[in-house]
Every structure is written in C-alpha cells, then in structure tokens.
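Q: One structure coming up, written as structure tokens, with questions to follow.
Each value in this text was obtained by applying a stated rule to the coordinates, not by laboratory testing. Since this is a predicted model, take the numbers as computed values, not measurements. Every residue, glycine among them, receives a Cβ derived from its backbone with ideal geometry; neighbour counts consider all protein chains shown.
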Ligand SMILES: NC(=O)c1ccc[n+]([C@@H]2O[C@H](COP(=O)([O-])OP(=O)(O)OC[C@H]3O[C@@H](n4cnc5c(N)ncnc54)[C@H](O)[C@@H]3O)[C@@H](O)[C@H]2O)c1
C-alpha cells in the first residue's frame, strides 16, 4: 500500500458520473488530480469545486477519441505534475446501435475512446512510472468486458479489449512494480450514461457513484506487490470483490 497524500492521479471522464466521484475522493485523500474530459464546461465546474475544497487539480479538455489530442493531454498532465501514482482511464461512450445501423466512423469513435486512449495514456505514463519505482493503472471495464450484449458492437469489444490490455500490462508491469487492474461498478450507478441506457426498473435501484469510491482509493495505492491483474467490482457498501484474471 502506497501513501496517497501529495501524490498525483490522472483521471479521464472526470467531469461527471463515476469519474467525477473518483476525482473528488482522490482530492479528499490529498492527491493532486489531472482531470480529463471532453465536456470543458462541466470539467471547469468540477475543478472549481475541488479547488474550493482545497484541492490541487488540473482540468484538461480533450476528445479522447483523437490520438493526437490524447497525446497532448497526457503530455500536459505529465509536464505539470510529473509521474503519476495512478492513472484511471474511466471515460467511455456507449451508444447502442445494431450492426445494420452503425458506421465504421461511429464504431472507431467508441473503440478509440475506450481502447486507443487506454493504450496512449498507459504508454505515456509507463516510463515515468518505471522511473518513479512503480504506479497503478486502472481501466474501467463493465459486464460488457466479459459478456455479450445486444446493440453493443463497439462499446463491448472496446471493453473486452481493455481487459486484454490490462492482463498483458499486468504481466509486463510486474518487474517494474506497476499494478494494472480493471474495475467495474459492482452496483447500478446514477450517472448520465446510466440515465441514457438503464431501464426504469434499473433506475429504481441505482446508487450514488460516490459510494463506490473506496475501491478506487485502494486501487490507487497498489503496486505490483499488491493487487494486480484483477477485475475489481466496486460495491455500494464501500467494499469490493476482486477476481484474478492472470
Ligand atoms: N453507468 C454504468 O452503469 C456503468 C456500468 C458499467 C461500466 N461503466 C463504466 O464506468 C465508466 C464511467 O461510466 P459513467 O456511467 O460515469 O459514464 P458517463 O457517461 O456518465 O461519464 C463518462 C464521462 O466520459 C466523458 N467522455 C465521453 N466521451 C469522451 C471523449 N471523447 N473524450 C473525453 N471524455 C469523454 C463524458 O463527458 C463523461 O464526463 C465508463 O467507462 C463506463 O463504461 C458504467
């Protein structure tokens, strides 16, 4: 377990939903937080709130479907804060569309936000984490990371892809003391993505994503001597279940 106060986290999709909740939890832990999102307006609001709480945060507006933009964003985060203790790639886009409806461009956009960005961000922090003696990388997965769902022909393979990347990097990161894990919301959460995709029945049971954040605090403190190569389901009770995927 590594101490978190004064350390840096980089979080994507931090303007709202689960990413916002994780960013706030890290600010409360005394971490410095680079926050990335395409919604510059909401990101500025969140960053203002965290600064008023006494946090040290850096909002970076970026479209993570764009490779060059993603590289510039992570370069800016590293230039500002140096090597991060934790990278949490949480941003994703889910638009349910059938194979008949979806275009190649739409497919690539969802895949790029989930999987291409995971690769670019992880590659950028890899050497700095090695030089720093370790770190923790977490990708937000989903039931869509291991099961099939109707009309998820982009999101679903994107989530399967990050689970594969996670397994490879957990193995490759072990000698460098870098932990790499996937996490899933282990409870239905009240977020804009859920609002667009949940049934009315699911919405009756959804919970504040802030309840899931203890698992992400724990994950940020990990290195390869601790939890790595796992899919971690964050529970609303504040606990979590972890499955070893290596
Ligand atoms: N909501 C759920 O029930 C659920 C279930 C399983 C997994 N997840 C995963 O948890 C994570 C967070 O989900 P959420 O419900 O908070 O989602 P959300 O849609 O509410 O929030 C996602 C954030 O990502 C940002 N984003 C989207 N496209 C972007 C882009 N091109 N560039 C930069 N930022 C972009 C959005 O602006 C938003 O702030 C996602 O990876 C999602 O797949 C969510």
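Q: Kindly provide the helix-only [θ] at 222 nm of the chain, computed as the sum of -39,500 (n - 2.57) over DSSP H runs of four or more divided by all residues, to the nearest 500 deg cm²/dmol?
A: -12500 deg cm²/dmol
Q: Taking every Cα atom in the range 61-157, find the radius of gyration and the maximum pairwise distance Dmax, and write them in Å.
A: Considering the range 61-157 through its Cα atoms, Rg and Dmax are 15.0, 48 Å.
Q: Mind pulling up the Rg/Rh value for the range 95-214? Radius of gyration and Kirkwood radius, both on Cα.
A: Computed over Cα atoms, the ratio is 1.02.
Q: Compute the separation of the alpha-carbon centres of the range 177-213 and the range 11-44 and state it in Å as a whole number.
A: So the separation of the two Cα centres works out to 16 Å.
Q: Cα-Cα pairs above 15 Å in the range 45-118: how many percent?
A: 65 percent
Q: Still on this structure, please answer the following. Test of understanding: ordering 162, 120 by Cβ neighbours within 10 Å, fewest first, what list do you get? It would help to have the intermediate numbers written out before the result.
A: Values: 162 24, 120 20.
Ordered from fewest to most neighbouring Cβ atoms within 10 Å, 162, 120 come out as 120, 162.
Q: Run the numbers on the range 81-178 and let me know its relative contact order in percent, using alpha-carbon pairs under 8 Å that are six or more apart. It would help to have the intermediate numbers written out before the result.
A: Working: 122 pairs, mean separation 38.1, N = 98.
Answer for the range 81-178 is 39 percent.
Q: How large is the direction-averaged shadow of the alpha-carbon convex hull of the chain, in nm²? Write down the numbers at each step before the final one.
A: On the way: hull surface 49.0 nm².
Seen from a random direction, the Cα hull of the chain projects 12.3 nm² on average.
Q: If you average the alpha carbon positions of the range 60-96 and of the range 101-125, how far apart do those two centres end up, in angstrom?
A: Cα centroid of the range 60-96 versus Cα centroid of the range 101-125: 12 Å apart.
Q: Over the range 1-81, what is the mean sequence separation of C-alpha contacts under 8 Å (at least six apart), divided by residue count, expressed as relative contact order in percent?
A: 26 percent.
Q: To check my understanding: the extent here is largest minus smallest coordinate of the Cα atoms along each principal axis. What are those three numbers for the range 136-201, in Å, largest first?
A: Projected onto its principal axes, the Cα set of the range 136-201 covers 47, 23, 15 Å.
Q: Moving on to the next point. Ranking request for peptides 102-112, 127-137: highest mean number of other beta-carbon atoms within 10 Å first, then the rest in descending order.
A: 127-137, 102-112
Q: If you restrict to DSSP beta bridges whose two residues both lie in the chain, what percentage is antiparallel, to the nearest 5? Mind showing how you got there, number by number?
A: Numbers: 5 of 34 bridges.
So the antiparallel bridges in the chain amount to around 15 percent.
Q: Right, next: Determine by what factor the alpha-carbon radius of gyration of the range 1-139 differs from 2.2 N^0.38 Å, reporting the quotient.
A: 1.05
Q: State, as an integer percentage, the relative contact order of the chain based on alpha-carbon contacts under 8 Å between residues 6 or more apart.
A: Averaging sequence separation for qualifying contacts and normalising by length gives 19 percent for the chain.
Q: Further question on the same structure: Using the C-alpha gyration tensor of the range 145-246, what are the square roots of 5 times its eigenvalues, in whole angstrom, with the largest one first?
A: The equivalent ellipsoid of the range 145-246 has semi-axes of 26, 18, 9 Å.
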